[in-house]
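Reviewing the structure listed below.
The values are calculated or read from the model by the stated rules, or taken from the named source; none is laboratory data. From a predicted model like this one, the values you see are computed outputs, not experimental measurements. Methodologically, a virtual Cβ is constructed for each residue, glycine included, from the backbone with ideal geometry; neighbour enumeration extends over all protein chains shown.
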Amino acid sequence: MKSYILLILYCISIISTRAQAQSILIKADAYLDVRTGKLVKPANILIEDGLITAINPQVIPDNIDKVDLGNKILLPGLMDMHVHLDLDFNGGFEHIITKESASKGAIRAVKNAEKTLMAGFTTIRNVGQGHLTTDLVNVAVSEASDEGWIKAPRIIAAGHMITITGGHGDLTLGLAEELIKVGPEHGIINGPIEALKAVRYQIKHGAKVIKIHATAGVLSLEDSVGAQQLTNEEMKVIVDEANRHHIKVAAHAHGTEGIIAAINAGVASIEHGSLINDKAMKLMKEKGVILVPTTGLVDNILSSVDKINPKMVKKARYVLPLAQQNLSKAIKAGVKIALGTDAPLIPHGHNANELSAMVARGMQPIDALRAATINSAELLGMENIGEIKIGFLADIIAVELNPIKNIETLKSVKFVMKAGIIYKQ
Ligand SMILES: [Zn+2]
């Protein structure tokens with residue numbers, strides 16, 4: 001009797017998976033093998049149960065849905081390692097920080113997540129939230145995406161960024177004392193014990209990456225732009241605790257000393273890295289630390305300076321041109337780079353601007369595409385995304401032109417599939 005019931009349950013489970021399983025054949029002119037940099041013609045990609053199961057197969061199964069994309073070129077879904085989905089930029093963030101509920105922030109994040117997916121970005125890392133609540137807004141959106149409730153990329157979310165009282169990322173800096181109370185749950189820490197509390201709170205509530213602010217920033221009101229903020233000891237405590245949970249740490253760092261301190265603490269990526277020098281580059285290469293330069297935001301910030309606080313503008317005018325020059329040096333030195341926009345500083349949905357910006361700093365187009373695919377996958381520690389390859393998740397986009405020759409074509413992605421589901425055609 002017992003085995004009979006098990007058999008029935010087994011049959012039901014087969015029927016229900018079959019009902020969800022979608023087999024699709026995508027036909028296009030070519031696909032880009034981002035690892036070799038070669039265009040492969042033709043591109044007949046068989047997708048079953050969300051995975052790529054065959055490329056240019058001899059035999060095509062009967063009764064299969066076919067999507068003919070004509071002369072378009074296929075690429076793996078793009079990735080952005082530095083976004084803030086619950087923020088939009090309008091010269092500052094104060095209106096969101098002081099006036100918007102976490103609930104509305106989640107809806108804002110859903111809106112921005114859909115824009116990001118439609119731009120061809122199928123996986124993103126959300127490195128910190130703008131809403132000063134103990135609710136982890138972007139973690140909620142990430143889970144909603146995983147459960148298929150919303151049209152969104154796969155989101156690896158950080159919860160709150162971890163910083164010092166009055167540091168970059170202490171979003172109450174500039175507000176009246178006592179207006180908003182913050183502590184380790186909000187990522188504001190003083191000392192190793194609070195650092196530990198902050199990490200454990202974010203991880204307990206679903207963070208899959210931890211973001212720290214090793215140094216001062218540009219769009220915040222503290223005086224320095226490059227000075228180290230978290231102590232060496234605080235950073236070490238955070239990284240060690242996150243690593244015990246098999247979670248990686250991303251470090252916002254502009255100044256040279258802070259960059260080096262974060263690398264020595266064991267972070268996986270340096271965000272911005274504006275004042276990176278030869279010593280820091282060498283250390284990053286030795287330790288396999290990835291640079292996420294967020295270089296496209298320079299053009300965006302410098303074109304909207306009239307809306308930004310003058311103190312921030314002064315910092316931006318000082319550090320951002322240096323950051324551009326130093327990125328060119330890092331590219332030449334062969335530092336491994338992953339794509340990050342710092343959206344909304346490049347507006348959500350315009351994430352591909354970063355590819356053009358990296359090329360403008362001297363990167364080869366294929367390397368910009370690698371930054372947006374295989375290098376990002378490596379940073380996330382995900383081995384089944386970032387390439388059009390048998391056994392990989394079917395994250396596939398299509399563009400009109402060969403992106404190696406026309407990087408701008410990535411700004412108007414025509415087709416988006418994530419894990420075998422078509423979101424844009
Ligand atoms: Zn950021």
The condition of being part of a loop (DSSP other than H, G, I, E, B), among the charged types (D, E, K, R) and modelled with pLDDT of 95 or more holds, among 236, 208, only for 208
inquiry  = Here is a check on your reading of the model: is residue 250 in the same structural domain as residue 157 (by TED's automatic domain parsing), hydrophobic (A, V, I, L, M, F, W, C), away from the ligand (no atom under 16 Å from the Cβ) and closer than 30 Å to residue 175 by Cβ?
reply    = no
Examine region 71-88 for a residue that is farther than 18 Å from residue 219 by Cβ, surrounded by fewer than 17 Cβ atoms within 10 Å (Cβ to Cβ) and not assigned by TED's automatic domain parsing to the domain that holds residue 300, and state whether such a residue exists. yes
Filter region 79-95 for residues that are hydrophobic (A, V, I, L, M, F, W, C) and within 14 Å of the ligand (Cβ to nearest atom); the one that is modelled with the lowest pLDDT is 93
Exercise. Going by the structure shown, is residue 158 at pLDDT 95 or above, within 15 Å of the ligand (Cβ to nearest atom) and of a type outside the set (Phe, Trp, Tyr)?
Worked result: yes
For region 115-135 the number of residues that are closer than 30 Å to residue 396 by Cβ, assigned to a loop (DSSP other than H, G, I, E, B) and away from the ligand (no atom under 15 Å from the Cβ) is 2
Per the filter on region 161-185, residues of a type outside the set (Gly, Ala, Ser) and within 16 Å of the ligand (Cβ to nearest atom) are 161, 162, 163, 168, 170, 171, 173
Checking 176, 152 in turn, the sole residue that is free of Cβ contacts under 8 Å to residues at least 60 places away in the same chain, assigned to a loop (DSSP other than H, G, I, E, B), aliphatic (A, V, I, L, M) and closer than 22 Å to residue 118 by Cβ turns out to be 152
The condition from (1) under 22 Å from the mean Cα position of the chain (by Cα); (2) surrounded by 24 or more Cβ atoms within 10 Å (Cβ to Cβ); (3) at pLDDT 95 or above that residue 297 misses is numbered (3)
Checked 181, 115, 104 against criteria (crowded, with 18+ Cβ neighbours inside 10 Å, of a type in the set (Lys, Arg) and either farther than 20 Å from residue 204 by Cα or in the same structural domain as residue 420 (by TED's automatic domain parsing) (or both)); the one match is 115
* Asked: If you go through region 241-259 one residue at a time, do you hit one that is among the polar types (S, T, N, Q) and in contact with a helix residue (DSSP H, G or I) (Cβ under 9 Å, 6 or more places away or on another chain)?
  -> yes
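Only one residue in 331, 346, 388, 366 is within 16 Å of the ligand (Cβ to nearest atom) and either surrounded by fewer than 24 Cβ atoms within 10 Å (Cβ to Cβ) or assigned to a loop (DSSP other than H, G, I, E, B) (or both). Which one?
So the residue among 331, 346, 388, 366 that is within 16 Å of the ligand (Cβ to nearest atom) and either surrounded by fewer than 24 Cβ atoms within 10 Å (Cβ to Cβ) or assigned to a loop (DSSP other than H, G, I, E, B) (or both) is 346.
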